[in-house]
Structures are given as structure tokens and as C-alpha cells.
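These notes concern the structure reproduced below.
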Amino acid sequence: MFGWREGVGSDCTKYCTSQFDGLQLGTQLVSRVMKKGRDERWGADDNESMLHFFGEGLKLLEVDSELGVAGKFRTTHAESNGVLLSWVERMPIEVLNARFYGKDAVWADTTHNATKYTLKAAPVSVADWAARTAPAGFYQVREEEIISCGTMHAILELDSPAYQ
């Protein structure tokens, strides 16, 4: 988060104070606790983070017991050095959203190349004729071009008229 000391760190301190009858926490303790939580959830380094990323992605490929469908997860890497070029994921509920709502409108609100990061984010949404919207997946690509975005839409089994 932006400026955790004044944002998230103070929110955490205020929450603990309100929940635990005036308990006061020092900023260093809050920082250590929050760092431990981040490391456990997202990994302490790049290697551990990638293990979490692929572990969570592979879980999406399993059929959801409640919904009866599997999600999607796919990555592409450079053959020469193994660098991640793109990835796409969709949760099982998003598969159903796309099947139901995706007949009327599909779009990806990309970052419009206005980011310093190598991979550009593109959350995919769908809407029906009554303007009810729902998430339908997420992908990241190196360049936000019609071909690369169209490829991701094809993997997500979404209509992409500009790509066809």
C-alpha cells in the first residue's frame, strides 16, 4: 500500500486500539507483524512468491465441488530464459459469469500502457443487456495490443470481434 506508515500501519493500530480496549502498539511492532503476514501470504522472496503464484493457479484448474466447473490458469514463458511473458486466470465463478453474461458485452479495462511494470494488467468483465456486470477473469501481458489481448480472450473463451 502507499505509505504504509500513515495508511495501513495507522489503520492497523486504530483497529487494535478499538477492538482491544485501548491497546497501544508501537509502529515498529505493527511493521514487523504486517511484514510477517505479507511474507506468509505472498512469499519472502521472488522464488517463494512464484511458488505461491503457481500453487494458487493450479488449484484453479480443479473442478469446484459447489459450482461443478473448473477455473482456468495458463502462463507463457520465454524459451530462452524462462521469463514470464503472460498469464491468465479465471475462477470457477467467473467461468459461470462469462457463460451467463458474456453473450452481450465483454471488455478488458487494461492499464493503457500507463504503468512502469513489465506486465500490464487487464481485468475482464462481462455485462448483460440490463447493464448487470460481473468479473470474468484476469490476465497480464507484456504489450497491450489487439493480438496479445485477443489471445488472452481466446484462452478465456470470450468473444473478441477485433481479434477474429
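The values are calculated or read from the model by the stated rules, or taken from the named source; none is laboratory data. A quick note: this is a predicted structure, and the numbers were derived from the prediction, not measured. All Cβ positions, glycine included, derive from the backbone under ideal geometry; neighbour counts span all protein chains shown. Side chains included, ligands, DNA and RNA excluded: accessible areas come from the protein's heavy atoms. Shrake-Rupley method; radii C 1.70, N 1.55, O 1.52, S 1.80 Å.
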Discussion item. Suppose we keep only residues that are exposed (fewer than 10 other Cβ atoms within 10 Å of the Cβ) and outside any helix (DSSP H, G or I) within the range 8-67. Which one would you say is nearest to the chain's Cα centre (by Cα)?
Written reply: 45
Worksheet entry | All positions within the range 109-124 that are open to solvent by 30 Å² or more (accessible area, probe 1.4 Å) and either among the polar types (S, T, N, Q) or in a strand (DSSP E or B) (or both) | 111, 113, 115, 118, 123
Worksheet item: Across the range 135-163, which residue is most open to solvent (accessible area, probe 1.4 Å) among those that are small (Gly, Ala, Ser) and at pLDDT below 90?
Response: 162
